[in-house]
1. Please state the relative contact order of the range 54-205 as a whole percent: Cα pairs under 8 Å, 6+ residues apart?
2. Roughly to the nearest percent, how much of the accessible area of the range 69-166 is carbon and sulfur, given a 1.4 Å probe?
3. Can you list the residues, at least 5 places off or on another chain, whose amide H is less than 5 Å from the amide H of residue 179, using H built in the peptide plane?
4. Among rounded, prolate and oblate, which fits the range 127-230 when a ≥ b ≥ c are the square roots of the eigenvalues of its C-alpha gyration tensor, a/c under 1.5 means rounded, and a/b larger than b/c means prolate?
5. Project the alpha carbons of the range 47-173 onto their principal axes and report the range along each, largest first, in whole Å.
6. Using each residue's phi in the range 215-226, evaluate 6.51 cos²θ - 1.76 cosθ + 1.60 at θ = phi - 60° and report the 3J(HN,Hα) Karplus result to the nearest Hz, with x for Gly and Pro.
7. With a cut-off of 8 Å between alpha carbons and a minimum separation of six or more residues, what is the relative contact order of the range 134-246 in percent?
8. Just list whichever of 137/216; 77/200; 72/133 have alpha carbons separated by over 30 Å in the model shown.
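The values are calculated or read from the model by the stated rules, or taken from the named source; none is laboratory data. Small disclaimer: the values here were computed from a predicted structure and weren't measured. A quick note on method: Cβ atoms are made from the backbone with ideal geometry, for glycine too, and the neighbour counts reach across all protein chains shown. For the accessible areas, the whole protein counts, side chains as well, though only heavy atoms, and no ligand, DNA or RNA atoms are used. Shrake-Rupley method; radii C 1.70, N 1.55, O 1.52, S 1.80 Å.
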Amino acid sequence: MVKIPAKLRRFLVTILALALTAVWLIINPKSYERIFIPDQPSQEQSTQEAPLNSTTPSSKTALATLDQLPIKGRAPKTSYSRSHFYKSWPDVDGCSLRHRILKREFGDSAKLDEKCHVIAGEFVEPYTGKFMKFSSKTQIARAIQIDHVVALSDTWQKGAQNLTPERRFQLATDPLNLIAADGPANMQKGDGDAATWLPKNKKFRCQYVARQISVKFKYQLWVTRAEHDAMVRILQICPKEPALGI
């Protein structure tokens with residue numbers, strides 16, 4: 001019997017193993033993903049609390065995203081309570097989420113105190129289009145509310161009842177769904193959707209509707225037929241308006 005050197009034996013074994021692997025992959029192509037592609041986290045696992053820049057445009061248009069939303073009727077509002085979503089604004093890195101949203105909207109003009117509270121600033125309020133300037137925390141508190149772009153009671157009637165408490169908390173505290181808004185305008189909006197209320201500021205309507213669509217897509221909610229049609233009418237003016245934060 002011819003004696004094969006140890007190094008040559010190891011080389012031949014390696015070649016044989018690679019050859020068998022290649023044959024297996026040809027016969028079972030899907031096994032390639034299991035061997036070479038690491039497992040991807042599920043949608044639930046990969047979802048983290050949205051960063052404050054979650055209003056960044058995506059590569060999808062709002063119209064294309066709207067086409068992916070189910071169209072259904074409203075579920076009953078029975079048992080709705082804001083406490084099903086959250087009890088108060090959470091702290092994010094030591095600052096109240098409310099004041100982080102104010103700081104985001106006021107931009108470089110925002111002035112903060114030692115408690116991370118916004119005490120002064122200015123911005124163009126999106127729902128009315130009015131320029132607003134503040135020199136105290138009290139002025140801000142009286143004039144500005146943090147609005148859920150998609151009202152929580154609206155989400156409750158369009159799928160949020162089926163979400164876990166943790167997912168509902170994310171929905172209620174997601175910066176994508178939060179905006180600093182004129183108090184009276186926000187009160188007028190109430191829990192209306194796009195079919196019953198739109199911002200007086202027409203220049204903001206495309207972005208407003210795009211954000212509603214983006215929130216509903218992100219949290220797997222649906223729209224009513226009237227709501228869908230109202231959104232389409234707005235986006236026909238701006239068909240390239242991007243979806244946001246998804």
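1. For the range 54-205, the relative contact order is 27 percent.
2. The value for the range 69-166 is 49 percent carbon and sulfur by accessible area.
3. Correct list: 147, 149.
4. The shape class here is oblate.
5. 46, 32, 27
6. 3J(HN,Hα) across the range 215-226, in whole Hz: 5, 5, 5, 4, 9, 6, 9, 10, 10, 7, 4, 5.
7. Result for the range 134-246 is 32 percent.
8. Too far apart for the 30 Å limit: 137/216; 72/133.
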